[in-house]
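**Q** Mind looking over this structure? Questions follow.
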Amino acid sequence: MKHNKRADGLRGLASLSVVIAHFVAAFIPVLLHKNYPTIFQKNENPSILFEIAQSPFVSIFYNGHLPVLIFFVLSGYVLALPYFIDDFESLRRRVWGRYLRLNLPIVASLILSFIVYKTGFYYNVKAADISGSSPWLDRFFPLDISLINLFEYISYKSIIFGDGSLNPPLWTLKIEFIGSIYLLTFYLCNPGEGRRVFIATILMSLLLYAYYKSDSIYYIAIFIGALLNQTKVSRKLGRTLFFSGFYFGAFQFESSFYEFLPDVKIYGIEIFEKKTFYNTIAAIFITASIISGFGQNLLESKPVQFLGRISFPLYLLHMIVLGSVTCIFYLALPQTKATLVACFASYISINILASYLFERFIDKPSIYIANRFSYFMTKEAR
């Protein structure tokens, strides 16, 4: 099966963007006011440097919502690939192996977080009081999580219900898991190709909306990602899609660049949240351009491919590092710009090292176990 290295690179950069976004949200929350005005306070006396850093085409690099949507689009593209090359056996194996593939690394991250939690090394609440990141940073890792709770999170609460009490990013893994089962089942039903699969995807999207309402956009992104397998994009169109996606991905409220864009409403009823909708368009456009060849040299370079390799561990571990080691550093150091830069450098370094070890000793074995299980189950089925 042909492997798209550019997709791996995009996933790696998207994961790094999430990591950066959460650092900004924790320690420089006013930078995110225009992205999330109901959560983060406004800087009433911004400097020129602050205005530049908060501008849409800079803040896109720490807009955590966009890379999450890119993850969903990429997942649809990668998971449905066997269908478009007539490899139904691989589709069946992916259904059987999906729970173990995702949940074994999740379990390891939950156990690690529980150990940090029980030993009292989470300092996110104290850090939030100083950085002004309430009510964001201080709502993670709530009190009174028991060993029984841990077993509930490990077995079903995190991957099925998206409970992020011990690891906040796991709300997306619920969508990733359930959405992937929907998608793989959909394609195992052989919806056809070309116009037929497009129409079937529209009907499926309507069903998803009927059940999930505005949250359905995350699942729909997965299904649209799958359609990219039969979408041919020229080099010129790829460039246009990328820069159009960059524009929509930089969406902000209270910005003259975007104030003319309409709300996503029908007869006054909001269908999708505005930022999520335009970021979803961005994720689709950017992914389509990348998988068709745009940015090949950068995305296939060794550093970016390395990020792609550790992207899942990086995503699973970074909030654990942020809430513990990084918050401890932040509280121990004077509150200056120089020490914040040092704090950020240590945060990135620790995350990359931890993710490398996690990928080698947890993620790789998890993939092997999931593959062996799926091969066994499909063999038994025959």
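The values are calculated or read from the model by the stated rules, or taken from the named source; none is laboratory data. Note that the structure is a prediction, hence the values are computed from the model and not measured. Reconstructed Cβ throughout: ideal geometry from the backbone, glycine too, with neighbour counts over all protein chains shown. Surface areas here come from the heavy atoms of the whole protein model, side chains and all, with no ligands, DNA or RNA. Shrake-Rupley method; radii C 1.70, N 1.55, O 1.52, S 1.80 Å.
**Q** Mind checking which of Leu170, Leu104, Leu333 has the largest fluctuation in a GNM of the chain, springs on alpha carbons under 10 Å?
**A** Leu333
**Q** Among Ile348, Ile181, Ile115, determine the one that fluctuates most according to a GNM of the chain built with springs between C-alpha atoms less than 10 Å apart.
**A** Taking springs between Cα atoms under 10 Å, the residue moving most is Ile115.
**Q** List the lysines whose alpha-carbon lies under 20 Å from that of Lys126, not counting same-chain residues fewer than 8 positions away?
**A** Lys118, Lys337
**Q** Using the structure shown, list the pairs from Lys42/Lys275; Lys174/Lys265; Lys213/Lys265; Lys5/Lys379; Lys174/Lys213 with a Cα-Cα distance above 20 Å, or answer none.
**A** In this structure, Lys174/Lys265; Lys5/Lys379 exceed 20 Å between Cα atoms.
**Q** Another question, if that's okay. Quick check: with the 1.4 Å probe, what order do Lys337, Lys157 take by accessible area, largest first?
**A** Highest to lowest solvent-accessible surface, that is Lys337, Lys157.
**Q** Starting from the Kirkwood Rh over alpha-carbon pairs, what translational D in µm² s⁻¹ does the range 1-109 have by Stokes-Einstein at 4 °C and 1.567 mPa s?
**A** Calculated translational D: 78 µm²/s.
**Q** Can you tell me how the range 180-296 classifies by the Cα gyration tensor, rounded, prolate or oblate, using a/c under 1.5 as the rounded cut?
**A** It comes out oblate by the Cα gyration axes.
**Q** With a cut-off of at most 14 other beta carbons within 10 Å, and DSSP calling the residue loop, which GluC sites (Glu not before Pro) in the range 21-97 qualify? Please list them.
**A** Passing sites in the range 21-97 are Glu44.
**Q** Note the full-extension length gain between Glu270 and Phe373 as 0.36 nm times their separation in residues minus their Cα-Cα distance, in nm to one decimal.
**A** Gain in length upon complete extension: 32.8 nm.
**Q** State, to one decimal in nm², a quarter of the convex hull surface area for the C-alpha atoms of the range 243-382, i.e. the direction-averaged projected area.
**A** 15.0 nm²
**Q** Based on the Cα atoms of the range 79-209, what semi-axes does the equivalent ellipsoid have, where each is the square root of 5 times one gyration tensor eigenvalue, given in whole Å with the largest first?
**A** Gyration-tensor ellipsoid for the range 79-209: 38, 17, 11 Å.
**Q** For the chain, taking Cα atoms only, what is the radius of gyration to one decimal and the Dmax to the nearest whole Å?
**A** Values for the chain (Cα only, Rg and Dmax): 20.8, 68 Å.
**Q** I'd like to check one number: the per residue accessible area of the range 117-264, probe 1.4 Å, reported in Å² as a whole number.
**A** Computed with neighbouring chains in place, this is 52 Å² per residue.
**Q** Using a 1.4 angstrom probe and counting only protein chains, how large is the accessible area of His22 in Å², to 10?
**A** Accessible area, nearest 10 Å²: 40 Å².
**Q** On the protein heavy atoms, probe 1.4 angstrom, tell me the percent of accessible surface of the chain carried by carbon and sulfur.
**A** Of the solvent-accessible surface of the chain, carbon and sulfur hold 65 percent.
**Q** If you don't mind, there's one more thing I want to ask. With every protein chain left in place, what is the accessible area of Thr185 in Å² (1.4 Å probe, nearest 10)?
**A** 70 Å²
**Q** If DNA, RNA and ligands are ignored and the probe is 1.4 Å, what is the ranking of Phe121, Phe114 by accessible area, most exposed first?
**A** From most exposed to least exposed: Phe121, Phe114.
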